[in-house]
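The block underneath contains the structure these notes are about, expressed in structure tokens.
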């Protein structure tokens, strides 16, 4: 496998090799421009990209709610909080 170096231009106009932080930040910005409210979840790739932008940097488990309309478009995204599976409240059926 060939390793390639990504070159970016800094604020002063000087070209320098990009570090990991710059690459990840640019990728998140690109994905967030592509994925916004109203996007149709028509394939697993679209869902994966959305979740990568929304949850990718978090280091613990998050419970989230995604409401879709009849055309599989995102209507509401709500992060319900960070908890481990042992802390989750699951109501029992009566």
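Does residue 72 satisfy the condition of being modelled with pLDDT of 70 or more, under 13 Å from the mean Cα position of the chain (by Cα) and either surrounded by 13 or more Cβ atoms within 10 Å (Cβ to Cβ) or in the same structural domain as residue 5 (by TED's automatic domain parsing) (or both)? So residue 72 fails the test. Every test in (1) in a helix (DSSP H, G or I); (2) at pLDDT 75 or above; (3) in contact with a helix residue (DSSP H, G or I) (Cβ under 8 Å, 6 or more places away or on another chain) is passed by residue 53 save one, and that test is (2). Filtered by the rule that a residue be surrounded by 10 or more Cβ atoms within 10 Å (Cβ to Cβ), at pLDDT below 85 and in a loop (DSSP other than H, G, I, E, B), the range 2-37 gives 6, 10, 35, 36. Apart from one condition, residue 61 fits all of (1) closer than 28 Å to residue 4 by Cβ; (2) surrounded by 13 or more Cβ atoms within 10 Å (Cβ to Cβ); (3) at pLDDT below 80; the exception is (1).
The values are calculated or read from the model by the stated rules, or taken from the named source; none is laboratory data. Source: prediction; values computed, not measured. With ideal geometry, Cβ positions are generated from the backbone for all residues, glycine too; neighbour counts draw on all protein chains shown.
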